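The values are calculated or read from the model by the stated rules, or taken from the named source; none is laboratory data. Being a predicted model, the structure only gives us computed values, none of them experimental. Note that we place each Cβ from the backbone using ideal geometry, even for glycine, and neighbour counts take in every protein chain shown. Heads up: the accessible areas ignore ligands, DNA and RNA and are worked out on the full protein's heavy atoms, side chains in. Shrake-Rupley method; radii C 1.70, N 1.55, O 1.52, S 1.80 Å.
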Amino acid sequence: MAETDAASAYPAIDPSTFDLIVLGTGLPESILAAAASSAGKSVLHLDPNPFYGSHFSSFPLHSFSSFFHSHHPTTSSASEKPPPSSPIDAGEFSVANLKTRPLYSHIEISSHSETLDTSSRRFSIDLSGPRVLFCADPVVDLMLKSGASHHLEFKSVDASFVYREGKIWPVPDSREGIFKDRSLGLTEKSQLMRFFKLVRGHLGLVEDGGEERRVSEEDLESPFVVFLQKQRLPPKIKSMILYAIAMADYDQEDPVACKKQIKTKDGMESLALYHSSVGRFPNAPGAFIYPIYGQGELPQAFCRCAAVKGALYVLRMPVTSLLLDKEHGHYKGVRLVSGQDLFSHQLVMDPSFIIPQSVSSPSLDMPHEGSYLTEVRNTSSPLMKVARAVCITRGSIQPDFSNLLVVYPPRSLFPEQVTSVRGVQLSSNVLVCPPDLFVIYLSTLCDNADQGKEALQAAMSSLLVLPHESSNHGTPEVNEDIKIETKPDLLWSALYVHDLTEVLSDTVCLCPMPDGNIDYRDLLKSTTMLFHKMYPQEQLFPEAVVSENTEDDKASID
């Protein structure tokens, strides 16, 4: 009777065999589904949630905390006991129950205003913030190439700032910006102009009659911080370049604490991306853009592209188990909570799933990744974590700016701060909150939750008037040229920590969690790798998909 009730509660899916089944509608999964559909593959895209985006979603305020409850292991639908085995199990297939693991921890949600509840639906809160896109980001190129840009609109981020010695300094984004920046002295302007001239010469962007100067191979392989020191740049300028343009995570001047040192060649690539982003679109004079309605629009845009190419979408559809070849343990298909069995050549899964240890690899040259995944996730020394904070304020942290990016380099908040803290403030003009309110996202990499939350709380205290705190207490000294008079009040906040996960590729693939970066470049690299592992002969969206009228694409950026 229970099996009949389960089957009647969920629609039957026809056909029952596909080239690719995707579980979860996060951004990597959605890109893979769209790319596979574009390559002519039959795709079934499932999600147990009633919304798109998974760990890359944007939520109304009242739904934000509900997400964390729904991803607790005791409430996870994928952990439900599967229905009784059908006769096919006794023949060709064995069944491996599919489980999930909790990825979020140390969740603290606080409200300091009773009025927010009445406007909850007017918020669109990113789960994986802070995020922006460089205008010349490869993900932007992918959206243009795939057609996803037709389903999206963007706004320009007004300005970038870097925090240093208790002051918040604007980051110049052009030659004109350097000249107009009153926070830079004449000597600093000259040094910065000379450095950018060197960068342009290295990139071959010299003006008529200019000299093309290439950085030596020896310098390109040296640490970027050493190269900047050779240019005799002052500490403030060096900090801007390292942490607000190259987006370094760790203290580049401390080789002991630095887990990832940027080489000069990588720093030059970041400077090239920044330079090519400034002014790329007519309505976005700066280097960064942000999607209207929130980052959750990105996976939805790729899902729409996949649907146009024939992909089948079913939300509210949990998968309880994997079907395996009885003799070898190779993946063959999935069993839905309704009891229906579906089959595919490839399976892509949300990072919260655990690949059963009984799943073996058909590739002779590839290790048994199901077993490896279990070992990684049960170890006492897991991968790095990301601590995130979401704040709702009444008033901007910079009265003259609505949407902005701010970076706290390592040790800028307190001596023990070992990683950068990055923040993005957004306003109602990107339709993520009601007028006169602002949403601020902060994030930092961390080894443990205490370390991450300490850095986030220090950044919050530097920007905002926290509850029970005097407006003058703890106010950092601020550069008078950027006109900060008072800090805005904090009305609502959420702090939480989530694990980073391995990207695993085989017949059963596991997508990554949102990383600690401000952009999507590394995420796209991982997703592209997964696609080419699955379909080595296929292109990630053929060039023929590009819109013939590029002005239409540019017009989507307001």
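For this structure, a couple of remarks:
- 100, 486, ranked by accessible area, largest first (probe 1.4 Å): 486, 100
- When each of the peptides 433-443, 527-537 is scored by the mean number of other C-beta atoms lying within 10 Å of its residues, the order from highest to lowest reads 433-443, 527-537.
- Within-10-Å neighbourhood charge of residue 113 [Cβ basis; K, R +1; D, E -1]: -2
- ³J(HN,Hα) computed for each position of region 234-242 - Karplus, 6.51 cos²θ - 1.76 cosθ + 1.60, integer Hz, glycine/proline x: x, x, 5, 5, 4, 5, 4, 5, 5
- Here residue 218 sits with roughly 150 square angstrom of accessible surface, probe radius 1.4 Å.
- Other residues within the sphere of radius under 13 Å centred on the Cβ of residue 29, judged by their own Cβ, net out at -2 (K and R +1, D and E -1).
- The solvent-accessible area of residue 328, taken with every protein chain present and a 1.4 Å probe, is close to 100 Å².
- Partner lysines for residue 197 [C-alpha distance under 22 Å; skip if fewer than 8 residues away on the same chain]: 180, 189, 230, 236, 238, 263, 265
- Counting heavy atoms of the protein chains alone, residue 107 has an accessible area of about 70 Å² for a 1.4 Å probe.
- With the convex hull drawn over the C-alpha atoms of region 395-464, the volume per residue is 86 Å³.
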